[in-house]
Amino acid sequence: MSSATLEALSHTLQEHLGDRVKSLKVALGEVTVEVDAADYLAVMQTLRDEPALSFEELIDLCGVDYSTYANAPRAGRRFAAVSHLISITRNWRLRVRCFAPDDDFPSVPSVTGVWNVADWFEREAFDLFGIVFPGHLDLRRILTDYGFIGHPFRKDFPISGYVEMRYDPDQQRVIYQPVTIEPREVTPRIVREATYGNVENA
Amino acid sequence: MPELRNFTLNFGPQHPAAHGVLRMVLELDGEVVMRADPHIGLLHRATEKLAETKTWIQSVPYMDRLDYMSMMCNEHAYCMAIERLLQIEVPIRAQYIRVMFDEITRILNHLLWVGCHGLDVGAMTMVLYAFREREDLVDAYEAVSGARMHAAYYRPGGVYRDLPDRMAQYKESKWKSAAQIKPFNEARGGSLLDFLDDFSSRFPKLLDEYETLLTDNRIWKQRLVDVGIVTPERALQRGFTGPMLRGSGIAWDLRKKQPYEVYDRVDFDIPVGKTGDSYDRYLVRMEEMRQSNRILKQCIDWLRQNPGPVMSDNHKVAAPSREAMKSNMEELIHHFKLCTEGMHVPEGEVYSAVEHPKGEFGIYVISDGANKPYRLKIRPPGYVHLSAMNEMVCGHMLADVVTIIGSQDVVFGEIDR
């Protein structure tokens with residue numbers, strides 16, 4: 001988005017959301033707002049219904065687990081639901097981040113009443129991250145196997161999982177057993193100083 | 001009087017009309033669908049989690065395998081996300097090549113769609129016709145990348161290499177004589193651009209051919225018209241994008257509204273439907289192929305006249321040439337670092353979206369400054385469209401379910417990820 005649009009959008013956001021916006025960041029041509037879980041639903045409703053904002057479509061909603069961010073111990077909260085909104089009439093985009101207040105039982109209000117499309121996105125975030133969305137009418141697992149245990153996209157879930165499936169010729173059926181492979185990391189994860197990949201530095 | 005109960009039917013996952021591994025639990029009252037509950041995830045490979053454990057460049061081939069019917073468009077969104085985080089410029093020639101291949105991909109996808117949709121609904125011939133033309137386009141994929149499907153041709157910073165000067169030719173064998181292969185090789189005498197030029201001048205005629213088969217066909221219309229109507233309001237509520245949204249009458253196309261690469265320099269129109277039924281979505285996609293062909297032509301003309309680099313010269317991102325790597329210390333170090341540790345992407349988050357043949361395909365990445373993404377979220381258009389399945393099929397006949405799956409154009413690589 002052009003810088004004029006970005007400015008107009010941040011101005012309108014501040015005007016209509018007031019102090020419900022905990023932080024507003026403009027970076028890389030995108031606007032990100034952070035809201036509290038308590039205000040989340042009301043903010044989303046305003047974003048859709050306020051004609052000056054008119055975010056008619058929820059493009060995406062996903063869970064994020066911040067527990068190992070930058071390979072450093074984390075002070076803030078762990079789980080967040082991040083949504084991407086788009087306005088067809090105003091042709092702008094917005095990112096809304098809402099941290100779940102409790103790390104042990106992450107919960108964020110459901111926006112399925114505001115945008116019906118949130119249905120499957122919230123089911124996915126529940127399935128993969130274990131974030132619960134009160135107000136969702138049908139919060140079942142969606143992507144993982146029937147009877148799956150755990151939330152695989154959490155950072156403490158190993159990449160190889162805990163169980164594997166194979167056909168057992170003796171019992172003549174498919175069985176689950178503990179995994180026999182070990183996770184292997186070819187290239188370690190490295191976080192360098194902030195200017196490392198910087199183009200001006202090249 | 002006996003008690004009457006609704007009949008529950010398991011549709012898929014091995015049903016040929018389920019377009020892959022869709023399992024749908026249908027609740028039927030007689031032959032009328034009362035409720036549809038799609039069960040997905042049978043092809044879930046956790047691409048997003050895998051990407052967190054791979055360096056940035058290693059995830060490019062994973063992108064091909066998402067929507068395995070429009071490979072390069074997936075790569076495009078991913079590479080664009082990285083480029084925006086790094087804030088690097090892509091050379092203009094690479095941008096034109098990307099636009100050209102995006103449109104080739106769109107034609108590839110829509111051809112497969114019209115073929116399979118036809119097959120589902122009972123128009124057997126379409127798939128044979130569509131695959132004949134797809135063959136030429138996958139040959140173009142092969143010419144630039146060596147792979148006919150999973151190209152991994154777009155890279156952060158540009159495209160892997162420039163367009164080749166000559167096309168592969170068919171060779172004489174004991175099954176095909178020289179006289180037999182001669183017509184196949186006719187268009188392959190020159191460069192890839194000549195080959196594509198020949199294709200794009202042939203293609204509108206072929207599209208007319210498809211349309212004579214389908215557009216006014218009585219059976220086709222009986223199966224499609226007024227099936228799966230989505231009003232514009234509902235389309236927005238359900239997050240529709242791409243041909244599904246345009247079929248419902250909303251003129252929204254990222255290539256026009258939020259242009260990326262060089263889409264603001266090419267001339268094309270966006271078709272819009274009227275009623276939002278399956279037939280409108282069919283018409284929209286057919287017209288999109290014509291428009292893609294127009295863009296293809298413009299890109300060919302530009303690319304013929306403007307040689308230049310196709311990859312960024314920033315060696316923190318793009319590997320140096322082999323020659324430079326073997327003669328200079330600096331380039332050797334860059335090459336070594338890139339091929340072992342990989343590039344580092346500055347801290348930040350970005351959402352980059354492209355107008356994928358199926359709708360808006362988005363990549364949301366969070367980088368914490370490491371050589372791997374911290375979190376990668378893929379926004380698959382098909383996933384969103386399939387989530388509206390229950391709403392679209394309710395009250396329709398069982399046979400219409402197949403039509404609606406077809407008109408949604410679902411591919412399970414991207415839905416299950």
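Candidates in region B:238-264 are the residues that are part of a helix (DSSP H, G or I) and of a type in the set (A, V, I, L, M); of these, the one that is farthest from B:TYR279 (Cα to Cα) is B:LEU254. Each residue in region B:70-93 was checked for being buried (at least 24 other Cβ atoms within 10 Å of the Cβ) and away from chain A (no Cβ under 14 Å), and 9 pass. Within region B:408-417, restricting attention to residues that are more than 10 Å from every other protein chain (Cβ to nearest Cβ) and touching a Leu at 6+ places or on another chain (Cβ under 7 Å), the residue that is nearest to A:ASP60 (Cα to Cα) is B:GLU414.
For region A:75-124, a residue qualifies if it is touching a residue at least 60 places away in the same chain (Cβ under 8 Å), acidic (Asp, Glu) and out of contact with any helix residue (DSSP H, G or I) (no Cβ under 9 Å at 6 or more places or on another chain), and exactly one does: A:GLU122. When B:VAL114, B:VAL25 are screened for being in a helix (DSSP H, G or I) and either within 14 Å of chain A (Cβ to nearest Cβ) or within 28 Å of B:VAL393 (Cα to Cα) (or both), only B:VAL114 passes. Apart from one condition, A:GLY147 fits all of (1) within 14 Å of chain B (Cβ to nearest Cβ); (2) free of Cβ contacts under 8 Å to residues at least 24 places away in the same chain; (3) of a type outside the set (A, V, I, L, M, F, W, C); (4) on the phi < 0 side of the Ramachandran plot; the exception is (4).
Flag: A:THR46 matches the condition of being surrounded by 14 or more Cβ atoms within 10 Å (Cβ to Cβ) and more than 9 Å from chain B (Cβ to nearest Cβ).
Scan region B:242-249 and tell me whether some residue there is closer than 18 Å to A:ILE59 by Cα, out of contact with any Pro (no Cβ under 7 Å at 6 or more places or on another chain) and aliphatic (A, V, I, L, M). Yes: region B:242-249 contains one or more residues that are closer than 18 Å to A:ILE59 by Cα, out of contact with any Pro (no Cβ under 7 Å at 6 or more places or on another chain) and aliphatic (A, V, I, L, M). Of all residues in region B:214-237, exactly one satisfies the criterion of being part of a helix (DSSP H, G or I), surrounded by fewer than 18 Cβ atoms within 10 Å (Cβ to Cβ) and in contact with an Asp or Glu (Cβ under 8 Å, 6 or more places away or on another chain), namely B:ARG234. For the criterion of being crowded, with 20+ Cβ neighbours inside 10 Å, closer than 20 Å to B:ILE92 by Cα, touching a residue at least 12 places away in the same chain (Cβ under 8 Å) and more than 12 Å from every other protein chain (Cβ to nearest Cβ), B:VAL317 fails.
When you scan region A:51-99 for strands (runs of 3 or more DSSP E) that lie fully inside it, which ones turn up with 3 or more residues that are more than 7 Å from chain B (Cβ to nearest Cβ) and over 20 Å from A:HIS16 (Cβ atoms)?
A:57-65, A:79-87
Candidates B:PHE203, B:PHE268: the one that is outside any loop (DSSP other than H, G, I, E, B), more than 12 Å from every other protein chain (Cβ to nearest Cβ) and of a type in the set (A, V, I, L, M, F, W, C) is B:PHE203.
Kindly check whether there is at least one residue in region A:1-8 that is exposed (fewer than 14 other Cβ atoms within 10 Å of the Cβ) and within 14 Å of another protein chain (Cβ to nearest Cβ).
There is at least one residue in region A:1-8 that is exposed (fewer than 14 other Cβ atoms within 10 Å of the Cβ) and within 14 Å of another protein chain (Cβ to nearest Cβ).
Consider region A:49-89 and keep the residues that are charged (D, E, K, R) and surrounded by fewer than 19 Cβ atoms within 10 Å (Cβ to Cβ). The one that is nearest to B:HIS385 (Cα to Cα) is A:ASP49.
Every number in this text was worked out from the coordinates using simple rules, so none of it is lab data. All figures in this text were calculated on a predicted structure; none of them were measured in a lab. Here Cβ is always computed from backbone atoms with ideal geometry, including for glycine, and neighbour counts include all displayed protein chains.
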